[in-house]
Number of protein chains: 2
Amino acid sequence: MRDVAALAGVSVKTVSRVVNDEPGVSADVRERVEAAVARLDYRPNLAASNLRRTGARTGLVGALVQDLSNSFSAGLLRALEDSARQHGTAVLAASLDEGADREQELVHDLVSRRVDGLVIMPATARQDYLIAELRTGTPAVFVDRPPRGIDVDSVVVDNVGGARTATEHLLAQGHRRIAALSDTRTIHTASTRLVGFAEAYAARGLEPDPRLVVPDLRSSEEATRAMHALLELDDPPTAVFTARNILSSGVVRALAERGLRRQVALVGFDDFPMADLLDPPLTVMRQDVGRVGRAVAHMLFERIGGDTSAPRHVVLEPSLVVRGSGEIPLPGR
Amino acid sequence: MRDVAALAGVSVKTVSRVVNDEPGVSADVRERVEAAVARLDYRPNLAASNLRRTGARTGLVGALVQDLSNSFSAGLLRALEDSARQHGTAVLAASLDEGADREQELVHDLVSRRVDGLVIMPATARQDYLIAELRTGTPAVFVDRPPRGIDVDSVVVDNVGGARTATEHLLAQGHRRIAALSDTRTIHTASTRLVGFAEAYAARGLEPDPRLVVPDLRSSEEATRAMHALLELDDPPTAVFTARNILSSGVVRALAERGLRRQVALVGFDDFPMADLLDPPLTVMRQDVGRVGRAVAHMLFERIGGDTSAPRHVVLEPSLVVRGSGEIPLPGR
DNA sequence: CCGCGTCGTGACAACGTTGTCAGGGACATG
DNA sequence: CATGTCCCTGACAACGTTGTCACGACGCGG
């Protein structure tokens, strides 16, 4: 900046004025400065600028998601990115892989970087630690999982209702032995979806067979193994409810390996690309990631804009997408 | 920081020493400062710190990919993120959507933010504009598509060879009427893969039917429409080569709509999750995104570390993953 | 011709941090 | 006891920028 000023024969302050399009600079000077800027490839230092400007924004938001390469996280991030762009803001993205420690480290790091806001798909059981982190005034919005131990904005889908709908869909077709495969129970969405599963049975005065409920599956491979085990029971399930997209794929794989894809009904939570191209096409409870992402971005940027009203909790309804796999009838009917 | 110093009864410099774990602070003082830091929730201001430290890193790299929500971009980003974490670096991610203007804007923005390095999946035809941008010393690594008009590091897969292998795989089974569906020709990978397609024919002294070569398809839906049109020809293709994962899904959809999934052979470029669960499972040329991402990260961090040797261009070989869709025989054989 | 407002410009301080250097005390050495 | 060395600590300047204020030139009305 000093060099530019020297080359244009003006003071640094005047360069600053030109660069920031401030009024009160004669056309002649403005032109000289612009020429100097161009000639020297001058780039304003955003860090220094932010340092000086009182309470200026960094134009950065942090997004902590489960796994960038999972279609749910990736879709969410994409929607967030699109909204952020409209606010001249860039997105710092990181994967948590359900690591509670990583979540705390990353939040700490992002707050130190003075991000304008945080989007968190929490991996921790409780987020009390955030109280201290957010004291600086950084707003945060939770997504996919509600906050515990702290009251901040959140956008989640109705997991209980969604799981109930999915399960009821299978029950309505006569299935009574429905398996439920789910993620680690400490993950909120995993346990809530199992609640919905049980509720659907209860609504009909029935009870699920506890042997068919398999929680704590951490990968597609574990789901495949678990499904094989279930199919080897004396009284195997006639239908399956999977609580997450990677578990759905594991189950499809197990069914494929046994040639049972058209015999066992399946409804999965979470849609994913090409689910409609499977054979049979996969019936799913779809969360509209675009809508979730936009809702999150909307709330976040309102907060960044100065909204200090009470935290809001948005609950979106997932929708049943009927494609075929969930409509396989009970054998012998 | 001043407040911490006051509370601990020391100078700001001493606080700085404690915060940065510098030697030469008595245990007594260190303890007092740490207590004050904890009590006041003091966060060092990274921006100010970077400003003062001469030539310090921001611990930030920018990644400009085609589309965050596409499995190829997302997988790449994930691999980059994992490597970056080991270098204490966070990733700024953005989608280009093949927008040349967006690429230039974003590069400009990221350079102004003083990122330590850039990863670019270019959307522009030429990247001369980068010469000025990179004069500040920011290293860049290109991925998926080689640089034009500037010589910087790159990691690409052998697109010509991969397309040739895929096409030869179909030719070897007797197919002679193979359709080729591809992306916008200005995209390097799209045009190169068509070159490989033609080369495979040429190697056998044959020529592809130009009416079966359909470039400039920008979405899965366009691929579906194009495929329907091809199947309505008097002499329709007996096999298909698709140059990108979203085009593969479009073709599968068209085939499914006509009940031809087991009649028309298909080999796609780019693997994607659950390609093995389609019926028939999809035969693809797989690019190992993890390896690509790690190679990119490796080169980038060597540059950031001060490596000033001549730009390197890494070419990785994709591999044919035989699953079934590519092995459908020619009708009547 | 004087006083006053307006306009363009620059000097200076400050944002939060750290590199440099100097000062003062404790201790060892001659 | 004088001198030197080491250790701990703090004052100060500087990183690149912008907010504040003041200054001089100019034009206008009285």
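The values are calculated or read from the model by the stated rules, or taken from the named source; none is laboratory data. What you are looking at is a predicted structure, and each value in this text was computed from that prediction instead of being measured. Ideal geometry is used to build each Cβ from the backbone, glycine not excepted, and the neighbour counts take in all protein chains shown. Heads up: the accessible areas ignore ligands, DNA and RNA and are worked out on the full protein's heavy atoms, side chains in. Shrake-Rupley method; radii C 1.70, N 1.55, O 1.52, S 1.80 Å.
Some observations on this one:
- Residues satisfying the criterion are present in segment B:243-258 (criterion: basic (Lys, Arg), facing another protein chain (nearest Cβ under 10 Å) and not in a loop (DSSP other than H, G, I, E, B)).
- Taking segment B:31-58 as the range and being at positive phi and either touching a helix residue (DSSP H, G or I) at 6+ places or on another chain (Cβ under 8 Å) or assigned to a helix (DSSP H, G or I) (or both) as the test, only B:41 passes.
- Among residues of segment A:39-63 that are in contact (Cβ under 8 Å) with a residue 60 or more places away in the chain, those with a Cβ under 7 angstrom from a residue that is within 11 Å of DNA strand C (Cβ to nearest atom), sequence gap 6+ or separate chain, pair up as A:50/A:56; A:50/B:47.
- For the residues B:71, B:95, B:83, the requirement of being touching a Pro at 6+ places or on another chain (Cβ under 7 Å) and away from DNA strand C (no atom under 16 Å from the Cβ) singles out B:71.
- Any strands (runs of 3 or more DSSP E) falling wholly within segment A:122-211 and containing at least 3 residues that are farther than 30 Å from residue A:109 by Cβ and not assigned by TED's automatic domain parsing to the domain that holds residue A:73: A:178-181
- Assessment of segment A:70-81 against the conditions (of a type in the set (Ser, Thr, Tyr), open to solvent by 10 Å² or more (accessible area, probe 1.4 Å), within 11 Å of chain B (Cβ to nearest Cβ) and part of a loop (DSSP other than H, G, I, E, B)) yields no matching residue.
- Filtered residue count, segment A:118-129, keeping only those that are open to solvent by less than 20 Å² (accessible area, probe 1.4 Å), over 19 Å from residue A:68 (Cα atoms) and in contact with a helix residue (DSSP H, G or I) (Cβ under 7 Å, 6 or more places away or on another chain): 0
- Filter pass, residue A:91 being more than 9 Å from chain B (Cβ to nearest Cβ) and surrounded by 23 or more Cβ atoms within 10 Å (Cβ to Cβ): no
- Among all residues of segment A:158-174, there is at least one that is closer than 30 Å to residue A:252 by Cβ and among the acidic types (Asp, Glu).
- Subset of segment A:223-255 (residues that are closer than 23 Å to residue A:332 by Cβ, open to solvent by 40 Å² or more (accessible area, probe 1.4 Å) and of a type in the set (A, V, I, L, M, F, W, C)): A:233
- Selection status of residue B:48, away from DNA strand D (no atom under 16 Å from the Cβ), closer than 27 Å to residue B:114 by Cα and surrounded by 15 or more Cβ atoms within 10 Å (Cβ to Cβ): no
- Count - residues of segment A:19-34 that are under 23 Å from residue B:136 (Cα atoms), open to solvent by less than 60 Å² (accessible area, probe 1.4 Å) and more than 9 Å from DNA strand D (Cβ to nearest atom): 1
- Any hit, segment B:205-218, residues being out of contact with any Leu (no Cβ under 8 Å at 6 or more places or on another chain) and closer than 23 Å to residue B:75 by Cα: yes
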